[in-house]
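The values are calculated or read from the model by the stated rules, or taken from the named source; none is laboratory data. Bear in mind that the values here come from a model prediction, so they are computed numbers and not experimental data. Here the Cβ positions follow ideal geometry from the backbone for every residue, glycine too, while neighbour counts run over all protein chains shown.
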2 protein chains.
Amino acid sequence: MPLTMKEKILIAAEKRVRSAGFTETSFRDLANDVGIKSASVHYHFPTKPDLGEALVTRYAEQFKAELDKIGLDDLHAALDGFISLYSNAFVLNESICLCAVMGAEAIGLPENVNQRTKAFFELNKAWLEALLVKHGVGDGGDAASLIVAALEGGMIVASASNDRSLFEQVAKAAIRGIGSI
Amino acid sequence: MPLTMKEKILIAAEKRVRSAGFTETSFRDLANDVGIKSASVHYHFPTKPDLGEALVTRYAEQFKAELDKIGLDDLHAALDGFISLYSNAFVLNESICLCAVMGAEAIGLPENVNQRTKAFFELNKAWLEALLVKHGVGDGGDAASLIVAALEGGMIVASASNDRSLFEQVAKAAIRGIGSI
DNA sequence: GTCTATAATTTGATAGAC
DNA sequence: GTCTATCAAATTATAGAC
């Protein structure tokens, strides 16, 4: 099945937002990316908040699909799989997690977008917490919250520093700290 | 000594950037904030990268001044003092850390701005690492990197989720994890 | 240092033809 | 669904008077 124009726009938008930011991404840029005019982009996404909401929703759905592929029986393997999702999302000078961008811009963004960003973080935290509880590690959700925050923050620090190893360092330290939290 | 116009502009700019983002902050907005015209803002900061660089430099200097006030003899008190700096920087629906914003926008920002953002993160990491080493906790800088990343990421997650307790949770978990890293 | 005036570009969004 | 055409507003930045 070939891509619909709506999906093509979302793919182009995700790429731009994850590198330049949401506000910096314009309908005209997206129109050029997919080979139509900006008025036609508005046909698919009437307003920018509409686009933002669809963008984060799709991102969270895809992320959830990847999470569902990770086996939960081996704690270490599962944690590695989880971190790999973040690691793959972070390409130096090219892209960070969509929700790190949306989260940083959150104060100025419409509610419907922020709700979806919040849902993404909750999804991640809930998955991690379930994994830890299953293996009798960590009592509440503190460790899960810490890991999610550290991975998102690690991307931002590493991206600004133009040094990918900073992210790797944080990711490894986050895993090593589990059990004592 | 009364504030210079240059400082007034930086104060207004910091407020706007920390809530709405750097790209969203315009010279006209700042001009209105301080009661002059946008052309006059350009007199003080010829280009936007000039403004961004001055902004992050000033932020890091002020942060360093606060760090220098924290006593290092009591590990727990020092960690609490460190986290308080972040805690105070984070006001729900109003502001997050300037460098969390700049870091999230980093890919699209000019080099001179990113260098200053990187310096801010290095300053934080170095201070924390020195504290931990002094008290014989943590070998390398892994724990320090983790804490900085977790605090920055915690702000972003909490801001997008409109839930300050998420930040508090991450901050506490980050401290509790020290020693095992 | 601040002003007026303006240039050149970009933005989100709409109306209406096809 | 996509187009042309257009709008009203906002953006960074500069020239030159005061």
* Structure fact -> Here the residues within the range B:106-129 that are crowded, with 19+ Cβ neighbours inside 10 Å and without any contact (Cβ under 8 Å) to a residue 12 or more places away in the chain are B:Ala106, B:Ile107, B:Lys118
* Pull up the range A:15-30, narrow it to residues that are within 14 Å of chain B (Cβ to nearest Cβ) and part of a helix (DSSP H, G or I), then point me to the one that is nearest to DNA strand C (Cβ to nearest atom). => A:Asp29
* Residue under evaluation A:Leu132, criteria (1) touching a Gly at 6+ places or on another chain (Cβ under 7 Å); (2) surrounded by fewer than 20 Cβ atoms within 10 Å (Cβ to Cβ), criterion not met -> (2)
* Structure fact -> Out of (1) closer than 21 Å to B:Val148 by Cα; (2) within 13 Å of chain B (Cβ to nearest Cβ), the one A:Pro110 does not meet is (1)
* Asked: From the set of residues in the range A:141-165 that are free of Cβ contacts under 8 Å to residues at least 12 places away in the same chain and facing chain B (nearest Cβ under 7 Å), which is farthest from the chain's Cα centre (by Cα)?
  -> A:Ser161
* Structure fact -> Listed by first then second residue, the pairs whose first member lies in the range B:36-61 and is basic (Lys, Arg), whose partner is more than 12 Å from DNA strand D (Cβ to nearest atom) and modelled with pLDDT of 95 or more, with beta carbons under 7 Å and at least 6 positions apart or on separate chains, are B:Arg58/B:Leu10
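Identify the residue in the range B:22-73 that is among the acidic types (Asp, Glu) and farther than 21 Å from B:Arg116 by Cα and, among all such residues, is nearest to DNA strand D (Cβ to nearest atom). Steps first, please.
Looking only at the range B:22-73, we keep the residues that are among the acidic types (Asp, Glu), and these are B:24, B:29, B:33, B:50, B:53, B:61, B:66, B:68, B:73.
Still in the running and farther than 21 Å from B:Arg116 by Cα: B:29, B:33, B:73.
On the way: B:Asp29: 6, B:Asp33: 12, B:Asp73: 46 Å.
Applying the filter and picking the extreme gives B:Asp29.
Consider A:Ile83 carefully, then state whether it is farther than 20 Å from A:Ala20 by Cα, at pLDDT 95 or above and more than 14 Å from chain B (Cβ to nearest Cβ). Steps first, answer last, please.
On the way: farther than 20 Å from A:Ala20 by Cα: yes; at pLDDT 95 or above: yes; more than 14 Å from chain B (Cβ to nearest Cβ): no.
Here the answer is no, as A:Ile83 does not meet what is asked.
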* What is the number of the single condition among (1) at the interface with chain B (Cβ under 9 Å from one of its Cβ atoms); (2) part of a helix (DSSP H, G or I) that A:Ile178 does not meet? -> (2)
* **Residue satisfying all of: in the range A:31-59; more than 14 Å from every other protein chain (Cβ to nearest Cβ) and among the basic types (Lys, Arg); farthest from A:Ile96 (Cα to Cα) among these** => A:Lys37
* Asked: With the range A:42-113 as the region, which helices (runs of 4 or more DSSP H) entirely inside it contain at least 1 residues that are more than 26 Å from A:Ala160 (Cβ to Cβ)?
  -> A:48-68, A:75-89
* Asked: Does the range B:90-104 include one or more residues that are at the interface with chain A (Cβ under 9 Å from one of its Cβ atoms), under 26 Å from B:Asp50 (Cβ atoms) and either at pLDDT below 95 or more than 15 Å from the chain's Cα centre (by Cα) (or both)?
  -> no
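Would you confirm whether any residue within the range B:147-163 is outside any helix (DSSP H, G or I) and under 17 Å from A:Ser165 (Cβ atoms)? Outline the logic, then answer.
First, the residues of the range B:147-163 that are outside any helix (DSSP H, G or I): B:162-163.
Add one more test, that the residue is under 17 Å from A:Ser165 (Cβ atoms), and what stays is none.
Scanning the range B:147-163, I find no residue that is outside any helix (DSSP H, G or I) and under 17 Å from A:Ser165 (Cβ atoms), so the answer is no.
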* Identify all residues within the range B:113-131 that are more than 12 Å from the chain's Cα centre (by Cα), under 17 Å from B:Arg18 (Cα atoms) and more than 7 Å from chain A (Cβ to nearest Cβ); write none if there are none. => B:Val113
* Can you find even one residue in the range B:66-74 that is in contact (Cβ under 8 Å) with a residue 40 or more places away in the chain and either more than 25 Å from B:Glu94 (Cα to Cα) or out of contact with any strand residue (DSSP E or B) (no Cβ under 8 Å at 6 or more places or on another chain) (or both)? -> yes
